[in-house]
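The values are calculated or read from the model by the stated rules, or taken from the named source; none is laboratory data. Owing to the predicted nature of the structure, the values given are computational and were not obtained by experimental measurement. Every residue, glycine as well, gets a Cβ built from its backbone with ideal geometry; the counts of neighbours run over all protein chains shown.
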Number of protein chains: 2
Amino acid sequence: MIREAAMLHVKEGLEGEFEAAFRRAEPIIAGMKGYLSHSLSKCMEETHKYLLLVEWETLEDHTKGFRGSPKYQEWKALLHRFYSPFPVVEHFQDLSNSDYVKRKTD
Amino acid sequence: MIREAAMLHVKEGLEGEFEAAFRRAEPIIAGMKGYLSHSLSKCMEETHKYLLLVEWETLEDHTKGFRGSPKYQEWKALLHRFYSPFPVVEHFQDLSNSDYVKRKTD
């Protein structure tokens, strides 16, 4: 499992409009091959900042499958105009959970 | 549910030692009041960077309960020496999942 993480800086004043657009965009990403789950959460310290997390089966499901798909154009059209600056998207390999679950059930 | 998120920059060369220390530290956080779940994942683009996510019932379970507890001193002793710079820890309120689950089951 690969976790995509992006800190989204939404232009101030557009937070409500962004959240509504994100709700329309969710089914796009959720319908992609290799999609496992996602969350969008709103920063309590800086209220125009959001954390997007998407879990994918493989890195390529995101970087090639999703970004190379026609659906990505719909995603972009819905969301990209809200960001300033444009977000850095990074990928993370999970280390802790399975070990921890193992220890809990020992 | 509150999601604590911190990007951890681990001193280069100490990644293996940090991961082993984190495995020892996991039961500390997992035993706290209000703890729901956590994950540690390793950045694929910058391999000395890690994303720590912890889900808490309330903000205060983290900021007061955990940080104010004697157990936090153990957590610090295990982990804080690996970080440079010291991480910024932020808190996020989840927006997407419950709505999305609702729509999926409609």
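Data for the structure
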read-out	value
All strands (runs of 3 or more DSSP E) inside the range A:1-92 with 2 or more residues being touching a helix residue (DSSP H, G or I) at 6+ places or on another chain (Cβ under 6 Å)	A:2-9, A:35-43
Odd one out for B:Glu12 among (1) under 20 Å from B:Pro85 (Cα atoms); (2) in contact (Cβ under 8 Å) with a residue 40 or more places away in the chain	(2)
Residues that are of a type in the set (A, V, I, L, M) and within 11 Å of chain B (Cβ to nearest Cβ), drawn from the range A:21-56	A:Ala25, A:Ile29, A:Ala30, A:Leu40, A:Met44, A:Leu51, A:Leu52, A:Leu53, A:Val54
Where a residue in the range A:15-39 is surrounded by fewer than 16 Cβ atoms within 10 Å (Cβ to Cβ) and its partner, wherever it lies, is among the small types (Gly, Ala, Ser), with Cβ under 7 Å and at least six apart	A:Lys33/A:Gly65
Filter pass, A:Thr47 being at pLDDT below 95, among the hydroxyl-bearing types (Ser, Thr, Tyr) and out of contact with any Ser or Thr (no Cβ under 8 Å at 6 or more places or on another chain)	yes
Residue in the range B:47-68 that is within 30 Å of A:Glu60 (Cβ to Cβ) and loosely packed, with under 14 Cβ neighbours inside 10 Å present	yes
The range A:61-94, residues that are closer than 18 Å to B:Met44 by Cβ and more than 12 Å from every other protein chain (Cβ to nearest Cβ)	A:Asp61, A:Lys64, A:Gly65, A:Phe66, A:Arg67, A:Pro87
